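Taking it in order: structure first as structure tokens, then the write-up.
The values are calculated or read from the model by the stated rules, or taken from the named source; none is laboratory data. Worth saying up front: this structure is predicted, and the values here are computed from it rather than measured. Glycine also receives a Cβ, built like all others from the backbone with ideal geometry; neighbour counts cover every protein chain displayed. Remember, those area values only see protein heavy atoms, side chains included, never the ligands or the DNA or RNA. Shrake-Rupley method; radii C 1.70, N 1.55, O 1.52, S 1.80 Å.
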Amino acid sequence: MAESVIKVKELSAAYRKNTVLENVDFSVEKGSLTGIVGPNGAGKSTLIKTMLQLHPSLSGTVDFMGLPFKQAKKYIGYVPQRGSVDWDFPTNALDVVTMGLYGKIGWLKLPTRMHKEKAFHALKKMGMEDYADRQISQLSGGQQQRVFLARALVQDADIYFMDEPLAGVDAATERAIMTILKELKANGKTVMVVHHDLQTVEEYFDHVLLLNRTVMNHGKTTETFTKDNVAKTYGGNMRWMGEEKQYVVHTGK
Amino acid sequence: MWSILASSTTQWVLASTMILGIAAGMVGCLAYWKKQSLMSDALAHAALPGVIIAFLLLQEKNLLILIIGAAISALMGAFLIQLIQSTTRITEDTAMGMILSIFFGAGLMLLTLVNRTAGGNQSGLDNFIFGQAAAMVKSDVITMLMLAVIVIIVLFLGFKEWKIYLFDPQFAKGIGLSIRGMNFLYTGVLVTTIVIGIQAVGVILIAALLIIPSVSARYWTQSFKWMLIISACIGGLSGAIGTYISALGSGWPTGPFIVLVAGVFFTISLIFGKEKGIVSNYIQFKIQRKQLVNKQISLDHKG
């Protein structure tokens, strides 16, 4: 078995009164592409945010390549949900991608031409080179998502976390993003993706983490993504095949 | 009356309200993208009791001391707003409304008390409500200039950091920027700008100098850098022109004139602004329609 680069032990997190995550335990192999799947409110985004200390954890530990988050930070890339920022902010696509390099540029220093070129190259990789000077408010949802991905690419991280990068994007963008994810994997990067579309899980991910407040199942997609396991994760309230809109929102106490 | 303007004191005062306007215009852009424009108003009102208490304690009108009092009081207001919204079900805007009026009410009450005491009437503390730039002495001007310059330098040096902090704080945290540190700095520059402005512009209207230049600048540009620059220019011009006009009459308050000048800039921006100004929107609509009509005509010819 390959070495594990992410180890999560007994992680718990809460929003106000509700515990969202309880005793989450798993470890992720280097070079794997994992889909995090579960019903609405299962804590998928919260899991990622808690692992990256964007949300406080109640208990538990997370380490990356044997290091705590603080030291591993520079090896980690994060693509937040598209809706998490105000796209009306006055800036262009190239500038947003350049933000991915801010850590490398160093604080209080300005980006040089070399950094801009690097950012442009990442945009090109996402098929967005014609939009480099475009105001981000004038980009479509799919294009905004590509910009976010390009920003993560320039970080040149070893581990990537992506929160629903495929939500609400068109088929072309979905293909472009999946091509990049597979390329990242081929280059030995470890990628974890919050994913919503059950139909494409088998096609896109080699590993799957079924989550509903805690880890229901985790492992190779071929072994883990079975009808029974998925039904268990979704509380048995889900019609199988083609009816992905039948998710049940859990409000259970 | 023109002789007032020729005096070197007036020139100093003009310079200080101009640089105040520049600082306020820039800090206003931060507040705009933090979606906290109204917060600056709450903090300004909350500064009043601090000014009076500082005066009561020391019995002298030293601007630096009064500014420190104002800052403490404003920060207390900010803390209470934060506390109310995080521990109760009261939302932020309601909390701001409460703190703003309660602190301001307390300030007015204290002011009445001070004015009854001997010498209180001559203290000129009334000026802190509507602003009276002409009441500033040279040491006041120097205090104000220095603090405003510090604010501008902080914004200038951390331009890239401010940008990512405002656009995507979560990502910024991920790449190692301390959001707590940035929040601290942000509150610091915001409160500093407010308190140095309260003598010249007054607690009631200083927020306008933070809000109006930045929204006006938004009509002219799609770049954060230019938004900061344009907002700084509008703020600086409003400060200088407003002070100039108020110096024409004796005892005219400065704040209202500064805000009115800023209001004129806003109106111009709203109508003629390059980005989504009323006129440019209309022209663009016309052009698009013309293009559509032309396209249809050429299609008709082909068909």
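Kindly list, by first and then second residue, each pair from a residue in segment B:141-162 that is within 11 Å of chain A (Cβ to nearest Cβ) to a residue that is open to solvent by less than 50 Å² (accessible area, probe 1.4 Å) and outside any helix (DSSP H, G or I), limited to pairs with Cβ atoms under 9 Å and residues at least 6 apart or on different chains.
Correct list of pairs: B:LYS160/A:PRO111; B:GLU161/B:LEU177.
Inspect segment A:203-220 for any residue being free of Cβ contacts under 8 Å to residues at least 60 places away in the same chain and outside any strand (DSSP E or B) and give the result as yes or no. Give the steps one after another, and end with the answer.
First pass over segment A:203-220, keeping only residues free of Cβ contacts under 8 Å to residues at least 60 places away in the same chain: A:203, A:217, A:219-220.
Now narrow it down to the ones that are outside any strand (DSSP E or B): A:203.
Yes, some residue in segment A:203-220 is free of Cβ contacts under 8 Å to residues at least 60 places away in the same chain and outside any strand (DSSP E or B).
Conditions (1) of a type in the set (Asp, Glu); (2) over 20 Å from B:PHE130 (Cα atoms); (3) without any contact (Cβ under 8 Å) to a residue 40 or more places away in the chain; (4) open to solvent by less than 70 Å² (accessible area, probe 1.4 Å), marked per residue:
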site	(1), (2), (3), (4)
B:GLN11	no, yes, yes, no
B:SER16	no, no, no, yes
B:GLY21	no, no, no, yes
B:LEU30	no, yes, no, yes
B:ASP41	yes, no, no, yes
B:LEU48	no, no, no, yes
B:VAL51	no, no, no, yes
B:LEU57	no, yes, yes, no
B:ILE67	no, no, no, yes
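Out of B:GLY239, B:GLY273, which single residue is modelled with pLDDT of 90 or more, under 24 Å from B:LYS34 (Cβ atoms) and away from chain A (no Cβ under 14 Å)? Show your work before the answer.
Values: B:GLY273 fails: away from chain A (no Cβ under 14 Å).
Unique residue meeting the criteria: B:GLY239.
Test of understanding: among B:ILE212, B:ILE229, B:ILE175, B:ILE204, which residue is more than 18 Å from the chain's Cα centre (by Cα) and over 17 Å from B:SER16 (Cα atoms)?
Numbers: B:ILE212 fails: more than 18 Å from the chain's Cα centre (by Cα); B:ILE229 fails: more than 18 Å from the chain's Cα centre (by Cα); B:ILE204 fails: more than 18 Å from the chain's Cα centre (by Cα).
Only one candidate passes the filter, namely B:ILE175.
Inside segment A:11-39, can you point out the residues that are hydroxyl-bearing (Ser, Thr, Tyr) and open to solvent by 10 Å² or more (accessible area, probe 1.4 Å)? Walk me through it before giving the result.
The first filter runs over segment A:11-39 and keeps only residues hydroxyl-bearing (Ser, Thr, Tyr), leaving A:12, A:15, A:19, A:27, A:32, A:34.
A:SER12, A:TYR15, A:THR19, A:SER27, listed by residue number.
Quickly run through segment B:242-259 and pick out the residues that are crowded, with 16+ Cβ neighbours inside 10 Å and out of contact with any helix residue (DSSP H, G or I) (no Cβ under 6 Å at 6 or more places or on another chain).
Selection gives B:TYR244, B:PRO256.
Would you mind finding the one in B:ILE99, B:ILE90 that is in contact (Cβ under 8 Å) with a residue 24 or more places away in the chain and either out of contact with any strand residue (DSSP E or B) (no Cβ under 6 Å at 6 or more places or on another chain) or not in a helix (DSSP H, G or I) (or both)? Don't jump to the end; show me each part of the working.
Details: B:ILE90 fails: in contact (Cβ under 8 Å) with a residue 24 or more places away in the chain.
Being in contact (Cβ under 8 Å) with a residue 24 or more places away in the chain and either out of contact with any strand residue (DSSP E or B) (no Cβ under 6 Å at 6 or more places or on another chain) or not in a helix (DSSP H, G or I) (or both) holds for just one of B:ILE99, B:ILE90, which is B:ILE99.
Of the residues A:VAL20, A:VAL37, which is over 13 Å from the mean Cα position of the chain (by Cα) and in contact (Cβ under 8 Å) with a residue 12 or more places away in the chain?
Testing whether each residue is over 13 Å from the mean Cα position of the chain (by Cα) and in contact (Cβ under 8 Å) with a residue 12 or more places away in the chain leaves just A:VAL20.
Filtering segment B:165-197 down to residues that are at the interface with chain A (Cβ under 10 Å from one of its Cβ atoms), surrounded by 21 or more Cβ atoms within 10 Å (Cβ to Cβ) and touching a Leu at 6+ places or on another chain (Cβ under 8 Å), which residue is modelled with the lowest pLDDT?
B:GLY174
Run B:TRP226 past the list (1) farther than 18 Å from B:VAL27 by Cβ; (2) exposed (fewer than 15 other Cβ atoms within 10 Å of the Cβ) and report the number of the one that doesn't hold.
Failed condition: (1).
Of the conditions (1) surrounded by 13 or more Cβ atoms within 10 Å (Cβ to Cβ); (2) modelled with pLDDT under 95; (3) not acidic (Asp, Glu), B:ILE234 fails just one. Which one is it?
For B:ILE234, the exception is condition (2).
Could you please give the count of residues in segment A:10-38 that are at pLDDT 90 or above, in a loop (DSSP other than H, G, I, E, B) and not small (Gly, Ala, Ser)?
1
Looking at segment B:163-212, which of its residues are outside any helix (DSSP H, G or I) and free of Cβ contacts under 8 Å to residues at least 12 places away in the same chain? Walk me through it before giving the result.
If we filter segment B:163-212 for residues that are outside any helix (DSSP H, G or I), which is where we start, we get B:168, B:175-178, B:198-205.
Once the filter is applied, which keeps residues that are outside any helix (DSSP H, G or I) and free of Cβ contacts under 8 Å to residues at least 12 places away in the same chain, segment B:163-212 yields B:ASP168, B:ILE175, B:GLY176, B:SER178.
Select the helices (runs of 4 or more DSSP H) contained entirely in segment A:53-165, then report the ones holding at least 1 residues which are within 15 Å of B:GLY174 (Cα to Cα) and either open to solvent by 10 Å² or more (accessible area, probe 1.4 Å) or within 13 Å of another protein chain (Cβ to nearest Cβ) (or both). Break it down stepwise before answering.
On the way: elements: A:69-72, A:93-99, A:102-105, A:113-125, A:141-154.
Filter on segment A:53-165 gives A:69-72, A:93-99, A:102-105, A:141-154.
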